[in-house]
Structures are given as C-alpha cells and as structure tokens.
Amino acid sequence: MRMRYALAAAVITGTLAVVAAPAQAAEYSSALKIKGIQYDAPGRDSNNCRTGNTKDEYLTIKNYSRSTTVNLKGYVVKDATGNKFTFTANHYLEPGDYVKLRGGRGTDSDANNVVYRQNCNFMWNNDKDTIYFYKPSGARADVHSYTKSRDDRDGNGYINYHG
C-alpha cells in the first residue's frame, strides 16, 4: 500500500526516477552458470574416438543456488558457430554441485559429475569462441566469450569464470 502512494506522489510531482538494471542482470537469471572451460585439450588435437584427446576438452557448469536442486535435462550449450549439445537425460545438480560436459564418448555419471557429448569432434575453438547456455524454456541462462590472448595468459587452455 505504501508503495502505491509513493509512486502516485512521485508521478504527480514529476519526480519519477527510472532505475535501470545493470546489463549483466540477464546473465544471472539462472542458478546454473558456466564456471569454467578447458577449451584447448592438452597435447596435439586429435578427434580420433579411440586415441584422441577430445575428452580433455570440457565445460564446467555449476549450480550456484543455495537451496535449489536443478535438473539439467533440456538445457542446451552452443558455441558461436552453432555447435550444439542438449542434455537429454536427467542429471540433477544439488546446490553448489557441478558437472563437467566432456567431449568424446563415455558413461555419464552423477557420482563423478560428468556428462559426455558422445561426439569426438572438438566443440570449442582454440583461439576464441562464445559459449551460450540456455534453459529448457529457451531463455538464456549464461553466456561467455573468450580469446586465447586476452583471457588465458598462462596458455593452459583453461578459463575460470566464476570462483
């Protein structure tokens, strides 16, 4: 009730102030965020399913909620060129928990916090890329861009976005 009177008084006196939300606010509309990425798998790149190193390329997604468990089923990860992965199975992240989305083939495991793309092609560029993370509704949950020279000064191919 007080809010209605304050708003009416502000409109009458012409002192209505519009408070803009920061541009990053949309990025934080989800409990799940991209925590980090190993975009350049150690060693010489090889997408051979048996002997290659695509399993060493991964994206870490973390549940930053303090109280909500989130099911990854239906979430989508894309890059700037349209490479896409959709979480098709139930994978529950407890508050503070994380999952590594790895390249290559393997067995998904809640206990080991890993989901495999079941694809031996590399998804992330070694020099620069943009990672888009979408909720099952299609709304953007998070987005990050990187360049090797700007964001990975130690040259190890890993970028940590959120602590």
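Values as computed for the structure displayed
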read-out: Spans of strands (runs of 3 or more DSSP E) in the stretch 72-163 with at least 3 residues buried (at least 16 other Cβ atoms within 10 Å of the Cβ); value: 76-79, 98-102, 114-116, 128-134, 140-147
read-out: Residues (surrounded by fewer than 18 Cβ atoms within 10 Å (Cβ to Cβ) and small (G, A, S)) located in the stretch 50-65; value: S65
read-out: Count of the stretch 56-76 residues which are farther than 12 Å from K33 by Cβ and either aromatic (F, W, Y) or within 15 Å of the chain's Cα centre (by Cα) (or both); value: 7
read-out: Any hit, the stretch 12-22, residues being modelled with pLDDT under 90, assigned to a helix (DSSP H, G or I), open to solvent by 50 Å² or more (accessible area, probe 1.4 Å) and of a type in the set (S, T, N, Q); value: yes
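The values are calculated or read from the model by the stated rules, or taken from the named source; none is laboratory data. As the structure is a computational prediction, the values presented were derived from the model and not from experiment. Note that we place each Cβ from the backbone using ideal geometry, even for glycine, and neighbour counts take in every protein chain shown. These accessible areas exclude ligands, DNA and RNA; they are computed on the full protein's heavy atoms, side chains included. Shrake-Rupley method; radii C 1.70, N 1.55, O 1.52, S 1.80 Å.
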